[in-house]
Structure formats: structure tokens, C-alpha cells
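J.: One structure, pasted below without further comment.
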Amino acid sequence: MDPLTPLSELINLKGKLAIVTGATSGIGKGIANRLAEAGADLILISRTEADLKTTAEEFAHYGVNIQTFALDVGVKEKIDDFWQKIAEQTPNILVNNAGIYPFGHFLETDQGLYQKVMDVNLNSSYWMCFNFIKKLTEADLPGNIVNIGSIEAVMPLQDGLIHYSISKAGVIALTRGLARDFGEKHIRVNAILPGGIKTGGTSEIAKDLFKLKLGLLQDAYNFQQRLPLGRIGEPDDVAKVALMLVSDISSYMTGAIVPVDGGFLSS
């Protein structure tokens, strides 16, 4: 029997350069934290310079190189400008996490809201993947992409989020298509579908909605009651799976759509 690669080597990302969008809060920050712990150098992307500075300072103890870029990934021209700025670098890992989830009744959703959700949640992932894969294929190098979707893509649960569900369903299609087309180039592409994750953003939205519709308190209770694991998830629950997907632990995985939802979809 061939000797097994030590676990410490399988999960070691030292020498890798990872891009994480939406990296200063919630799931994105949790993922960036785990990647830095595993030794990856980081390129953190978010909209706010101050948040990026704070996050980079929090991760400084890992001793990895951290670059920050403040930009709105929902604007293609800003994505193109970002890739021009890092033209001399070749990232090995891309995590498309940036996303928005503004509520809006289907019949009250205007073109502006719909387009913004598509630009941030789906189109940004498309163009980030485009630039990442183009650079890797030109250099004939392997790489890993993790796209963050949502259980809403396969089981819409919340009123007023049809546009969001559509955007995240597109992320699944993007993931599977890229996995098929670029597997022979040793570029692995997988997606995570979080569900019921406790973040600052979801907490604030919940507070606002509960003020308007107390019935949502019952909905939230019912959701948690349906979770086989009996608890709402934490960002690190998603981050640990993302770390697995970009490491050699998952070297035979591509095109996988992995729910991290406490078992909700199976309940």
C-alpha cells in the first residue's frame, strides 16, 4: 500500500494565494480566517476600506501576507480594474462569497433591484471566475474555486426573495459548467449552499423584518425546529467546509454542490 499523505500536508495552504470576496464579515470573514490559519496569503475584497483594514489587522497574527482591495464586485469594470492591479500575481484559490439579499415582493421588484442582485450575486462570480481561470490556463497552473450559493437556490423558503433564489441558482449552474469545462486543466470548482447561518447581516435583517411582521418569529422558530442538528449555524461551519474544498483533502471533488445547512434540506 502506498504511504498516505500526512493530514497536515493535505490541509497546508502555505505558498498559496487566495482571493476572498465579501471578506470582512460573516461567512466571507470566517473563510478568510481559516485560509490564513492554513497558511494561505490573502487578497481580501470588500466595499469598505475601514473594514478591510480592521480585518487585516485581526488576521496579522497568522504571519501571512494580506492585501486588501475596496471595490464593488457588482460592477464589471471594477472587477476588470482589480485584475489589472494584480496582473503580476497568480492566485491559486478564489472564493466568491460577496452577496446581497434585499427583500422585495415579486410584483414590486423593479429592474434596478433585480439587476443589482444579479450583478452582485451571480455576475460578479462569473467575471471573477473568468479572470481567474483565464490567468491559470494561460500559465498552465491548477487552481480551486469555491462559490457560495444558498439553500434558497434549490428550496425557496422566504417571501420576497425570488430574485435572490434565481441568482443563487445561477451560481450552481456556473459551478457545474466550469467544473465540467476545466477539470482537464486541473481547475476544481465547487459550491457551498449555506442555510440558516448566523451573521451580522442576517441578524439585522431579521430585526427589521420582525418589527414589520411578527409572524416571522414563528417562521424562524419553525425553521430551527426542522434542523436535524438542532441549531443555527455559525460562519465557521461554512469556513471549515470551504477549507476542505480548496485543500488536497478534496482532490477528487469538482462540480460538487455541498449544503451546509444543519440537515435542513434532508428534513
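The values are calculated or read from the model by the stated rules, or taken from the named source; none is laboratory data. Only a predicted model underlies this, so the values are computations on that prediction, with no experimental measurement involved. With ideal geometry, Cβ positions are generated from the backbone for all residues, glycine too; neighbour counts draw on all protein chains shown. When the accessible area is computed, the model is the full protein with side chains, heavy atoms only, and any ligands, DNA or RNA have been set aside. Shrake-Rupley method; radii C 1.70, N 1.55, O 1.52, S 1.80 Å.
J.: Would you work out which of THR90, ILE66, ILE43 lies farthest towards the positive end of the dipole of the range 26-183, given +1 charges on the beta-carbon of Lys and Arg and -1 on that of Asp and Glu, about the Cα centre?
T.: THR90
J.: For a quick protection proxy, order the peptides 154-167, 50-63 by their average other-Cβ count within 10 Å, most packed first.
T.: Going from most to least packed, we get 154-167, 50-63.
J.: Run the dipole for the chain about the Cα centre, Lys and Arg Cβ at +1, Asp and Glu Cβ at -1, nothing else charged, and hand back the magnitude in debye, nearest 20. Kindly include the intermediate steps, with their values, before the conclusion.
T.: Working: 24 positive and 30 negative charges, 63 e Å.
I would put it at about 300 debye.
J.: If you roll a 1.4 Å probe over the chain with all protein chains in place, what percent of the accessible area is carbon or sulfur? Display every interim value, and only then the final one.
T.: Details: 7360 of 13630 Å².
Of all accessible area on the chain, carbon and sulfur atoms account for 54 percent.
J.: Relative to the longest principal Cα axis of the chain, at what angle does helix 215-225 sit, 0 to 90 degrees, rounded to 10?
T.: That works out to roughly 50 degrees.
J.: Compute the long axis of helix 235-246 from its Cα atoms, compare it with the longest principal axis of the Cα atoms of the chain, and write down the angle in degrees, 0 to 90, nearest 10.
T.: 40 degrees
J.: Count the net charge of all other residues whose Cβ sits under 12 Å from the Cβ of THR55, scoring Lys and Arg as +1 and Asp and Glu as -1.
T.: Neighbour charge sum, excluding THR55 itself: -2.
J.: When the chain is fully extended, how far beyond the present Cα-Cα distance does LYS240 get from LEU157, taking 0.36 nm per residue of separation?
T.: In short, 27.4 nm is gained.
J.: Additional query: Please go through the residue pairs LYS29/LYS85; LYS76/LYS135; LYS135/LYS198; LYS16/LYS134; LYS168/LYS240; LYS14/LYS76 and name each one whose alpha carbons sit more than 26 Å apart in this structure.
T.: Result: LYS135/LYS198; LYS14/LYS76 exceed 26 Å.
J.: Okay, next question. With a cap of 11 neighbouring Cβ atoms within 10 Å, and only residues DSSP puts in a loop, list the trypsin sites (Lys or Arg not before Pro) found in the range 1-43.
T.: Here the trypsin sites (Lys or Arg not before Pro) that fit, given the DSSP loop and packing criteria, are LYS14.
J.: Separate question: So how tilted is helix 200-212 from the main axis of the chain? Cα-based, degrees 0 to 90, rounded to 10.
T.: Roughly 10 degrees, rounded to the nearest 10.
J.: Whole angstrom only: what separates the Cα centroid of the range 161-182 from the Cα centroid of the range 118-148?
T.: 13 Å
J.: Within 10 Å, count the other beta carbons around each residue, average over each peptide in 170-178, 240-248, and list them highest first. Walk me through the intermediate numbers first.
T.: Working: 170-178: 19.3, 240-248: 21.0.
Packing order, densest peptide first, comes out as 240-248, 170-178.
J.: Also: Multiply the residue separation of ALA173 and GLU58 by 0.36 nm, subtract the distance between their alpha-carbon atoms, and state the gained length in nm to one decimal.
T.: Going from the current span to full extension adds 37.9 nm.
J.: If you work out semi-axes √(5λ) of the Cα gyration tensor in Å from the coordinates, which of (i) 30, 21, 19; (ii) 27, 22, 21; (iii) 34, 20, 16 do you get?
T.: It is the one labelled (i).
J.: Using modelled amide H (1.01 Å from N, peptide plane; none on Pro or chain starts), what sits under 5 Å from the amide H of GLY143, excluding residues fewer than 5 places away?
T.: The answer is ILE187, ARG188.
J.: While we're looking at this one, here's another question. Could you work out how much longer the chain between GLU138 and THR90 gets when fully extended? Use 0.36 nm per residue separation minus the Cα distance between them, nm to one decimal.
T.: Full extension of this stretch gives 16.2 nm more.
J.: Summing +1 for each Lys or Arg and -1 for each Asp or Glu, what net charge is found among the other residues whose Cβ lies under 12 Å from the Cβ of LEU141?
T.: Local net charge: +2.
J.: Place the peptides 87-95, 102-110 in order of packing, highest mean first, counting for every residue the other Cβ atoms within 10 Å and averaging per peptide.
T.: 87-95, 102-110
J.: Would you please give the FRET efficiency between THR48 and LEU265, computed as 1/(1 + (r/R0)^6) with r the Cβ-Cβ distance and R0 = 30 Å, to the nearest 0.05? Each step should come with its number before you reach the end.
T.: Numbers: r = 33 Å, r/R0 = 1.10.
Here the calculated transfer efficiency is 0.35.
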